[in-house]
Amino acid sequence: MSRVQLLAAGWSSDRIRQRIRSRRWQTIHPGVYSTHNGPIGYDERLIAALLHAGPDAAWSHYTAAEQLGLIKPSPGRAVHVTIPDHRTLIRRPGLIIHRDIHWADRLARVIPPRRTAAHAVLDIVGITRTLDEAAAVIAEACQSGRVHPAAIAAALTTRGRLRHGRSLRPILTDVAAGSHSLLELRYFRDVERRHGLPTGTRQRAVDGEFTDVYYDGFGLDIELDGRLHLIPHQRWRDLDRDNRATLRAEATLRYGWFDITTRACAAAVQVLTILRRTVPD
């Protein structure tokens with residue numbers, strides 16, 4: 001609850017102060033209180049950030065993207081809030097304040113207030129350090145099915161100057177073509193396109209799963225995974241997928257992050273060797 005809300009509900013300043021002094025309540029931000037004395041949960045921190053920032057504040061950046069289901073939640077992350085450009089607000093621990101002259105035009109029509117999905121993605125892109133980080137956010141958000149690359153591209157036209165802005169459209173095109181992760185984007189760019197390989201089919205549905213890349217007519221599957229599979233059941237799933245591909249008379253080449261980012265040419269040679277060896281249907 002905020003102090004403004006409590007006063008509007010008929011609470012006196014003394015009564016509020018007594019709750020704080022007796023430690024039945026605790027202060028999260030100046031003028032914003034938790035009406036219990038236990039640990040402050042993540043959802044409470046989200047609402048407290050909006051109450052502290054005022055009635056014209058909205059979740060943005062990572063916070064909006066999490067609440068819209070675009071990226072996985074991270075309770076340890078700071079809460080991001082955007083306010084109109086004419087306002088100022090002191091930054092508090094665990095709370096990052098952004099200002100935007102176009103604040104009202106970039107809000108989703110939901111409560112609590114937050115940025116639209118496309119603008120939440122571009123908010124994050126604008127504070128990423130590298131293009132790879134920006135591409136990873138775009139790929140994850142689009143894979144959620146809650147925002148389309150075309151919507152992000154349309155929002156991009158309204159943003160003016162934005163970090164990585166000129167490089168985003170090719171990435172959006174690749175994501176729209178079916179690349180669902182940063183590693184898939186890097187394979188498309190650094191292995192397939194840069195070495196003049198045929199364009200494979202992205203996310204082919206087969207045996208109740210999806211193959212990352214499939215070269216139709218050549219019987220070749222490409223599986224891409226940036227994780228280190230030290231978990232037994234995960235390793236077994238990968239082996240089982242490869243075995244089922246063999247039963248379909250398909251070859252499988254599996255690459256990780258290190259292979260694609262440091263040995264793209266070697267990967268391209270391996271793919272080309274299989275393609276040349278196989279007679280198209």
Given the conditions (1) modelled with pLDDT of 90 or more; (2) part of a loop (DSSP other than H, G, I, E, B), every one holds for P75 apart from (1)
**Study point:** Residue within segment 91-103 that is touching a residue at least 12 places away in the same chain (Cβ under 8 Å), open to solvent by less than 40 Å² (accessible area, probe 1.4 Å), among the basic types (K, R) and not assigned by the TED database to the domain that holds D190 present
**Key:** no
Taking first residues from segment 251-267 that are more than 12 Å from L183 (Cβ to Cβ) and second residues anywhere that are in a helix (DSSP H, G or I) and open to solvent by 80 Å² or more (accessible area, probe 1.4 Å), the pairs with Cβ under 7 Å that are 6 or more apart or on different chains are L253/Q270
Original post:
Just to be sure, is I28 outside the structural domain of I152 (by the TED database), part of a helix (DSSP H, G or I) and within 31 Å of the chain's Cα centre (by Cα)?
Top reply: no
Picking from A117, A57, A49, the residue that is closer than 22 Å to P149 by Cβ, in contact (Cβ under 8 Å) with a residue 40 or more places away in the chain, within 22 Å of the chain's Cα centre (by Cα) and open to solvent by less than 40 Å² (accessible area, probe 1.4 Å) would be A117
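The values are calculated or read from the model by the stated rules, or taken from the named source; none is laboratory data. In this text the structure is predicted, and so the values were computed from the model without any measurement. All Cβ positions, glycine included, derive from the backbone under ideal geometry; neighbour counts span all protein chains shown. For the accessible areas, the whole protein counts, side chains as well, though only heavy atoms, and no ligand, DNA or RNA atoms are used. Shrake-Rupley method; radii C 1.70, N 1.55, O 1.52, S 1.80 Å.
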